[in-house]
Amino acid sequence: MDSNLVQFKKGVLELCVLALLARSDSYGYDIASRLSAAIDMGEGTIYPLMRRMQKDGLVSTYLVESSSGPPRKYYRLTEGGRKNLNAQKAAWTDFTRAVAAILELDLEKTS
Amino acid sequence: MNERDSFLRRLRSGLWGLPRSAIDDIIADYEGHFDAGRAAGRSDADVAASLGDPARLARELRAEAGLRRWEDERSLTAALGVIVGIIGLAALDLFVVLPVLVSVVSTLFAFLLLGLVTALGGGLMLPFAFITNLPGFAGDRLQAGLLSLGVMSGGAALTALCILFTIGLVNLLVRYGRAHYRLIARGSNAPLRD
């Protein structure tokens, strides 16, 4: 994979996880399988990230009994996580809009 | 031995040295992942391949644990943990950073030693007003005492400065380390799913 692209993806991974959890609480496997298809990353990447986010106070965990096997660990967005998501989302939207404007400018010139 | 067991075994051996509770916690996360994969009808081999390299995962988890520890307690062992963890990440540009780091750390260590020796020397001279006995020293006992005191506090200041600088340096290393986490690639034999 192009190393530039890897840096992009690494940067938005946390934002994507926050956005997923803002919609509904979720467990590791679910987050990993939804993101790995979209971002093309190893599913294992999600657990170090979740631990980091938990220690940063962005997410909290709780256990839910499952019908098969041991209880499942669910992640929930904390108040701090929600604020962080809003800030990151605003920054992302501003940034992509600015980049898109520049790219379109380029397109008009060449055509 | 199947893929699930061998993945978990390699992960566990890579996490060696972390607190037992932390290791169990991490292993439980990945066990849960395999269970959920089974429930979704995937084979253990498929899940293991999609997870990525357990050795690389373990290196990253260990490095993060080291960085965290430094943020919780500013101790010498925690600082060493940061350095060991970052070397474990084995980023490519480490070859550039390492020589610089080694020279900065050795210089720092030399200054620290100098500061300690100076402070100790001044402190030892103080009660005995030792310098009055040195040939060529024309002052009286009070001057000798003040001189010793000055040397001692100078040494202590140098030592304190070195410690402050070390803390700043390790904080910088923490940021360097965090910038070098990678997206762990799926295994080469992992099927692409949409």
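Readers should treat all values here as calculations from the given coordinates under stated rules, not as data from a laboratory. Note that the structure is a prediction, hence the values are computed from the model and not measured. As a convention, Cβ positions derive from the backbone with ideal geometry for all residues, glycine included, and neighbour counts pool all protein chains shown.
Just a few scattered comments:
- Working note: 222 nm ellipticity from helices only, DSSP H runs with n ≥ 4, each -39,500 (n - 2.57), summed and divided by the residues of the protein assembly as shown, gives -25000 deg cm²/dmol to the nearest 500.
- A Förster distance of 30 Å, applied to the separation of the beta-carbon atoms of residue A:96 and residue B:172, puts the FRET efficiency at 0.50.
- Cα-centre dipole for the stretch A:3-110 with unit charges at Cβ (Lys and Arg positive, Asp and Glu negative), debye to 20: 340 debye
- As a calculated quantity, the FRET efficiency between residue A:65 and residue A:15 at R0 = 22 Å, using C-beta atoms, amounts to about 0.10.
- Per residue, the Cα convex hull of the stretch B:1-80 amounts to 89 Å³.
- Sequence-ordered 3J(HN,Hα) estimates for the stretch B:38-55 from the Karplus curve with 6.51, -1.76 and 1.60 and θ = phi - 60° stand at 4, 4, 8, x, 9, 7, 4, 5, 4, 4, 4, 5, 6, 5, x, 6, x, 5 Hz, glycine and proline given as x.
- Between the amide H of residue A:42 and those of B:184, B:185, B:186, distances stay under 5 Å, these residues lying 5 or more places away or on another chain, with hydrogens modeled in the peptide plane.
- Interchain or long-range residues, amide H under 5 Å from residue A:59's placed H: A:54, A:78
- Take each peptide in B:19-26, B:71-78, count the other Cβ atoms within 10 Å of every residue, and average; sorted highest first, the result is B:19-26, B:71-78.
- Using θ = phi - 60° in the Karplus curve 6.51 cos²θ - 1.76 cosθ + 1.60, the 3J(HN,Hα) couplings for the stretch A:69-77 round to x, x, x, 9, 8, 9, 10, 10, 6 Hz; x is entered for Gly and Pro.
- Gaussian network model of chain A, springs between alpha carbon atoms under 10 Å - residue of A:89, A:55, A:73 with greatest fluctuation: A:55
- Legend: calculated FRET efficiency, residue B:74 to residue B:153, from the Cβ-Cβ distance at R0 = 22 Å, rounded to 0.05, equals 0.40.
- For residue A:27, the residues whose amide H sits under 5 Å from its own are A:75, ignoring neighbours fewer than 5 places away on the same chain, with H placed 1.01 Å from N.
- For the protein assembly as shown, alpha-carbon Rg and Dmax in angstrom: 27.0, 92
- Residue by residue, the stretch A:10-15 carries 3J(HN,Hα) couplings of 4, x, 8, 4, 4, 4 Hz when phi is fed to the Karplus relation 6.51 cos²θ - 1.76 cosθ + 1.60 (θ = phi - 60°); x denotes Gly or Pro.
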